[in-house]
1. Please give the length that would be gained between Leu107 and Ala15 if that part of the chain were fully extended, namely 0.36 nm times their separation in residues minus their C-alpha to C-alpha distance (nm, one decimal).
2. Taking Cα pairs under 8 Å and at least six residues apart, what relative contact order does the chain come out at, in percent?
3. Arrange the following residues from fewest to most other Cβ atoms within 10 Å of their Cβ: Val180, Val12.
4. If I take every Cα pair under 8 Å that is 6 or more residues apart in the range 1-116, average their sequence separation and divide by the length, what percent do I get for the relative contact order?
5. Report, for the chain, the % of DSSP beta bridges that are antiparallel, rounded to 5.
6. Using Cα atoms only, what is the angle between the long axis of helix 113-126 and the major principal axis of the chain, expressed in degrees (0 to 90) to the nearest 10?
7. Given a cut-off of under 8 Å on Cα pairs at least six residues apart, what relative contact order in percent is computed for the range 152-206?
8. Test of understanding: in a Gaussian network model of the chain with alpha carbons linked when under 10 Å, which of Gly167, Gly24, Gly106 would top the mean-square fluctuation ranking?
Amino acid sequence: MALQNRVRPDGVLVAHPARGTMLGNRGGQLHDPATKTLTARRWASNAWITCETEFRGRRRPVMGRGYTELFFLDEVTALAAGHRPCFECRRADARAFAESWARSMGLDKPPKAGEMDRVLHGERLAGRDKQLHDACIDELPDGAMVVVDGAPHAVRGARLLPWRFEGYGPAVARPVEISVCVLTPPAILGVLAAGYCPRWHESAGA
């Protein structure tokens, strides 16, 4: 039976058999180990991270003791949900993310993880209950996740890719000069615009 630890682009956790390509957590335990079901809370700290599914041969039971393992289709999905790269298992990506953050914010040096976490958590809280931000689709960078016709789509060049747990659907043309609801937090949009290249699921194509 699928566990309720698959993450949608809007950050909601659901049960689905598709595992995805990336692991993550929200700073601690969100589940009851005895039943492997979620409790009422949806984060344990403001450190929401995205990790490798394999790292140094480590093995752990899913929804056992400790943090709650979350799974994402890809990094584009994780970024839309407000997760950043892990500084342990994804150190190179985390450094590149922090460097792009500094460029986007006009900082003299890359911020520490805690500084970014505080900003991202504030943006996640502001985006709860569908109070998401709108933007002109022409201004969005590759890797942004938007809602079109009531469904999430990823921006990739001149195309929009319909998001699904199993992978992206057939691409559609990216419209122009329209305002769309954006799922990706504003700070992460800045990171993408400043040059950070997220990992895409293979269904996204080249």
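Readers should treat all values here as calculations from the given coordinates under stated rules, not as data from a laboratory. This is a predicted model, so every value here is computed, not measured. For neighbour counting, all protein chains shown are included, and Cβ atoms are generated from backbone atoms with ideal geometry for every residue, glycine included.
1. Length gained, Leu107 through Ala15: 29.1 nm.
2. Value for the chain: 21 percent.
3. Ranked by crowding around the Cβ, least crowded first: Val12, Val180.
4. Relative contact order of the range 1-116: 27 percent.
5. Looking only at bridges with both residues in the chain, the antiparallel portion is about 90 percent.
6. 70
7. Computed value for the range 152-206: 28 percent relative contact order.
8. In the Gaussian network model the winner is Gly106.
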